[in-house]
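Beneath this line is the structure, given in structure tokens, with notes to follow.
The values are calculated or read from the model by the stated rules, or taken from the named source; none is laboratory data. As the structure is a prediction and not an experimental result, all values here were calculated from the model. Cβ placement follows ideal geometry from the backbone for every residue including glycine, while neighbour counts extend to all protein chains displayed. Please note that ligands, DNA and RNA were not included when accessible areas were found on the heavy atoms of the full protein model with its side chains. Shrake-Rupley method; radii C 1.70, N 1.55, O 1.52, S 1.80 Å.
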Amino acid sequence: MVSYFSTRGHKDSLSFEDVILSGVAPDKGLYLPDSITLENLTYLTQEDLSYEDFVKTIFIALDKASAPYVEGLSLYPGFDGPPEPKLIEVNDSTLVMELFHGPTKSFKDYALQPLGAIADKRLTELGERGLVIVATSGDTGSAAIEAVKDSKNIDIVVLHPANKVSEYQRKQMTSVIKDNVLNIAINGSYDDCQRIAKELLQENPFDRRIISLNSINWLRVMGQVAYYVWLTKQFTSPINVAIPSGNFGNAYSAWYGRSHGLPIQNILCSTNINDVLKRFIDSGILEPKETHPSVAPSMDIQIPSSLERLIYDLSGDASDFYKSFSENSKAELGKKSYKALKHIFSSFTFNDDEIKNKIKDLYSEFDIIFDPHTATSVCMALENKNNLVTVALSTASPEKFSNTISESIKNYEEVNIEGSEEFIELDLDLNLITVSIKKKFT
């Protein structure tokens, strides 16, 4: 039986049923499983299975206790067509895995659709109504709303940084006007939104069950590991993956799959001007700087929360690292852990002008239009020279960032979401945010 424990050593563990609705652990750590049912994910096959049924086998492989929750459940109810990812060849050694064909046109749908459905089923079992608290740098918010907007068991609050997501991303969230949805624009950065969300999850001032759908929830990792298993099944030899990385959840899922047998050799993490991951991978030191808005807003993050699970895996404990981080606003990996990090991970940074130029150059050379985030991962993949195929993850549809792309590609038609919006804008005040949420959902 799999149990879930905190990366910072809290003595209590959770069952799968508990971890479905969990947020951060009492000691502020993240939950990890103490084992998996199958020792090696590469034993799984895809023969005669739809992608959805394949994903169900991954969930059950990771924890048999998930079987009652995924069997007989529609994991991708918001998808208009089959959810299987699409592989696009760029050249002989570089491919792109498109993960943006879900309801909100971003890769977040691949994990949040199953998580929303499973959370709803668990709440039905408990006879409870849950309150979801989500922070978003652009795509998580709309994907989370889409996953639970029709639930009879869930209310959702989404915190996004005011004026720091694309207009399309904002309207994807704020144009969903329903009684169980509250969008709040915070006058701050994504890291501020994430910090507020974590405080609300830990303190729970609402006298009801509150739930995280951010990547701190372990089921997000399970949903993302599934497409890495699927991806490696498309090749007969090991591959590299290149990932536009912000909160590190996608990259951690690749690492977790690799750690359990998937034939992934190197994990390349592209960043924008908020290059905290580049600096961490290069030095082993986590030291956030000021967050700056960019043309790739989903990577406008300086405190990548999902990094904590990697630090635990590398070090065997994350409590000392995050104690140092809390006290000094920086922390450093030990030499052995840093060596293991550098053996697998690499990173490169692209500023705004470089991203715009790369979008133009990639279109000119390959006749493919990439969004600003994907453009960075594709460029890293093309520049990688270790004689293995490298697959770049395409994390969002270009139309979500058509205002930026139109600056790089002549006559590219901007796509807009019409209709009214509903959201409130608040200062960075925990009490004010709490009162506003209570006012909406009482």
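Observations
- Test: residue in region 148-159 that is over 27 Å from Ser245 (Cβ atoms), among the β-branched types (Val, Ile, Thr) and open to solvent by less than 30 Å² (accessible area, probe 1.4 Å): yes
- Failed criterion for Ile36 (all others in (1) in a helix (DSSP H, G or I); (2) open to solvent by less than 40 Å² (accessible area, probe 1.4 Å); (3) at pLDDT below 95 hold): (1)
- Inside region 370-403, residues that are over 18 Å from Met97 (Cβ atoms) and either in a loop (DSSP other than H, G, I, E, B) or open to solvent by less than 10 Å² (accessible area, probe 1.4 Å) (or both) make up a count of 5.
- Selection from region 404-442 of residues that are basic (Lys, Arg), free of Cβ contacts under 8 Å to residues at least 24 places away in the same chain and assigned to a helix (DSSP H, G or I): Lys439
- Whenever a residue of region 350-366 is closer than 13 Å to Glu383 by Cβ, its partners that are of a type in the set (Ser, Thr, Tyr) and surrounded by 19 or more Cβ atoms within 10 Å (Cβ to Cβ), lying with C-beta atoms within less than 6 angstrom and at least six residues away or across chains, give the pairs Phe350/Thr376.
- Subset of region 404-442 that is open to solvent by 60 Å² or more (accessible area, probe 1.4 Å) and closer than 30 Å to Asp367 by Cα - its residue that is modelled with the highest pLDDT: Glu407
- Residues in region 64-107 that are within 19 Å of Asp139 (Cα to Cα) and basic (Lys, Arg): Lys105 alone.
- Scanning region 1-33 for residues that are open to solvent by 50 Å² or more (accessible area, probe 1.4 Å), among the small types (Gly, Ala, Ser) and touching a residue at least 24 places away in the same chain (Cβ under 8 Å) gives a single hit, Gly9.
- Every pair of residues 6+ apart whose Cβ atoms lie under 8 Å, when the first sits in region 241-262 and is more than 20 Å from Thr42 (Cβ to Cβ) while the second is of a type in the set (Asp, Glu) and surrounded by fewer than 24 Cβ atoms within 10 Å (Cβ to Cβ): Gly246/Asp300
- Index of the failed condition, Gln172 passing every other in (1) open to solvent by less than 20 Å² (accessible area, probe 1.4 Å); (2) within 19 Å of the chain's Cα centre (by Cα): (1)
- Considering residues of region 54-83 that are touching a residue at least 40 places away in the same chain (Cβ under 8 Å) and closer than 20 Å to Thr104 by Cα only, the residue most open to solvent (accessible area, probe 1.4 Å): Pro77
- Single unsatisfied condition, Asp367 versus (1) open to solvent by 30 Å² or more (accessible area, probe 1.4 Å); (2) closer than 27 Å to Ile303 by Cα; (3) out of contact with any helix residue (DSSP H, G or I) (no Cβ under 7 Å at 6 or more places or on another chain); (4) not basic (Lys, Arg): (2)
- Checking each residue in region 355-369 for being aliphatic (A, V, I, L, M) and assigned to a loop (DSSP other than H, G, I, E, B) picks out Ile368, Ile369.
- Hits in region 293-341 (condition: among the aromatic types (Phe, Trp, Tyr) and over 23 Å from the mean Cα position of the chain (by Cα)): Tyr338
- Among the residues here, Asp63 does not qualify as modelled with pLDDT under 95 and of a type outside the set (A, V, I, L, M, F, W, C).
- Within region 41-53, restricting attention to residues that are over 21 Å from Phe79 (Cα atoms) and not polar (S, T, N, Q), the residue that is surrounded by the most Cβ atoms within 10 Å (Cβ to Cβ) is Leu41.
- If the condition is being outside any helix (DSSP H, G or I) and under 19 Å from the mean Cα position of the chain (by Cα), then region 241-263 contributes Val241, Ala242, Ile243, Pro244, Ser245, Gly246, Asn247, Phe248.
- Meeting the requirement of 1 or more residues that are free of Cβ contacts under 8 Å to residues at least 24 places away in the same chain, the helices (runs of 4 or more DSSP H) wholly within region 132-205 are 190-203.
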